[in-house]
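To keep things clear, I will list the structure first and then write my remarks on it.
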Amino acid sequence: MAEKKVIELIQTLRGRTGAGMMDCKKALEENDLDIEKAIDWLREKGIAKQAKRAGRVAAEGATSVRVCPKCGKGVIAEVNCETDFVANSDKFRGLVNAVLSYLMDNEPKDLEEARAATQKDFGDAGIAVGEKLELRRFEIVHKGEGHCLGSYIHMGGKISVLVELEKEDEKLANDLAMTIAANAPLYLGLEDVPAADRERELGIAKTEVANDPKLANKPDSVKATIAERKADKALSAYCFLLQDYLLDPSKKVGDVLKEKGNKIVRFVRYALGDGIQKDQGQEN
């Protein structure tokens, strides 16, 4: 094979794996210039490196969201790596975009199916950047008839939001998505608070009421009412409809929606690394 062709193969292999030129040259020589076998060979050489890092936590990375008005759906996902240096690299950003495209086009039924289908992409990218990479979570939203989807990405992917409105109003949907990113609501309204969360908050409120000397002589029925109100007040801080609207803090989100004659059907908010516990000795 002509020397020029070999050089092209080396460049292609470097582009797909991020390996050094001499490593790529050796991989091709060891595998009769078969680029796929050469990739496997390099991956095998890299497996030991990755295996040593298997226990590390992929807590950096990016969240992202994409809306397709034509097909009436949106997708939101989180892809993790180990360091913010890699998170800001072109290779990692390319992987995130590829994952969003796959999710949008193929709609896997669950995380297991999505990970299996993108395993090669993650393997190639992991070798190239030398870190553990992982598709952590995703959600696909199909908008209802006459509904509208809005989205917002904060700080390059630290937070991503997808929101569905009952009526078409793209600007309002995007503004609400921005407000959700800033306010970090857990629920839409008080009626949407899960029973377990309410019981937990109510239990705390009842204890506070029972230990308040000012309420010691109040009837049990009054104490119960006070506890209910305390629980509602605490939970209200996490209900989106009761929070301040970012673009006009003098109004509550619920008031803005009422003025616009619109309603929120649902929202999804991903904050990078939510719930992930980093190793104490892991470097950023």
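The values are calculated or read from the model by the stated rules, or taken from the named source; none is laboratory data. All figures in this text were calculated on a predicted structure; none of them were measured in a lab. Here Cβ is always computed from backbone atoms with ideal geometry, including for glycine, and neighbour counts include all displayed protein chains. These area figures cover heavy atoms from the full protein model, side chains too; ligands, DNA and RNA do not enter into them. Shrake-Rupley method; radii C 1.70, N 1.55, O 1.52, S 1.80 Å.
Please say if the chain is rounded, prolate or oblate, where rounded means a/c under 1.5 for a ≥ b ≥ c the square roots of the C-alpha gyration tensor eigenvalues, and otherwise the choice is prolate for a/b larger than b/c and oblate otherwise? Could you put the intermediate results ahead of the total?
Numbers: a/c = 3.52, a/b = 2.05, b/c = 1.72.
Prolate, since a/c reaches 1.5 and a/b exceeds b/c.
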Accessible surface of His147 - all protein chains present, 1.4 Å probe, nearest 10 Å²: 40 Å²
Beta bridges per DSSP with both ends in the chain, % antiparallel, nearest 5: 95 percent
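Please report the net charge: other residues with Cβ closer than 10 Å to the Cβ of Phe240, K and R +1, D and E -1. Before the final figure, lay out the partial values.
On the way: positive: Lys252, Arg269; negative: Asp192.
It works out to a net charge of +1.
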Suppose R0 equals 45 Å. What FRET efficiency, 1/(1 + (r/R0)^6) with r the Cβ-Cβ distance, do Ser236 and Asn88 give to the nearest 0.05? 0.75
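Less than 9 Å Cβ to Cβ from Ala62, Lys/Arg counted +1 and Asp/Glu -1: what total charge do the surrounding residues give? Please report the intermediate quantities before stating the final value.
Details: positive: Arg93, Lys158; negative: Glu60, Glu78.
Local net charge: 0.
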I'd like to compare 265-272, 156-163: which one has the highest average count of other Cβ atoms within 10 Å, and what's the full order after that? 156-163, 265-272
With DNA, RNA and ligands ignored, accessible area of Glu113 (1.4 Å probe; Å², nearest 10): 70 Å²
Which value, in Å², gives the accessible area per residue of the chain when a 1.4 Å probe is used on the protein heavy atoms? 56 Å²
Intensity falloff of region 107-191 expressed as log10 I(q)/I(0), Debye formula with alpha-carbon point scatterers, at q = 0.15 Å⁻¹: -0.76
Once a ≥ b ≥ c are taken as the square roots of the eigenvalues of the Cα gyration tensor of region 149-284, is the result rounded (a/c under 1.5), prolate (a/b larger than b/c) or oblate (a/b not larger than b/c)? oblate
Under a plain spin-label model, where a point goes 7 Å from the Cα along Cα-to-Cβ, how far apart in nm are Glu166 and Glu30? 6.3 nm
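If I compute solvent accessible area with a 1.4 Å probe over the protein chains, what percent of it on the chain is carbon and sulfur? Each step should come with its number before you reach the end.
Working: 7950 of 15910 Å².
About 50 percent, which is the carbon plus sulfur part of the accessible surface.
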Asp121-Asn106 pseudo-label distance in nm [points 7 Å out on the Cα-to-Cβ vector]: 0.8 nm
Output the relative contact order of the chain, whole-number percent, from Cα pairs under 8 angstrom with separation of 6+ residues. 19 percent
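Please work out whether region 159-198 counts as rounded, prolate or oblate from its C-alpha gyration tensor, where a ≥ b ≥ c are the square roots of the eigenvalues and a/c under 1.5 means rounded, while otherwise a/b larger than b/c means prolate and anything else oblate? Let's see the in-between values first.
Numbers: a/c = 3.29, a/b = 1.72, b/c = 1.92.
The shape class here is oblate.
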How far is it, in nm, from the label point at Asp255 to the one at Asn97 when both lie 7 Å from their Cα along the line to the Cβ? 4.2 nm
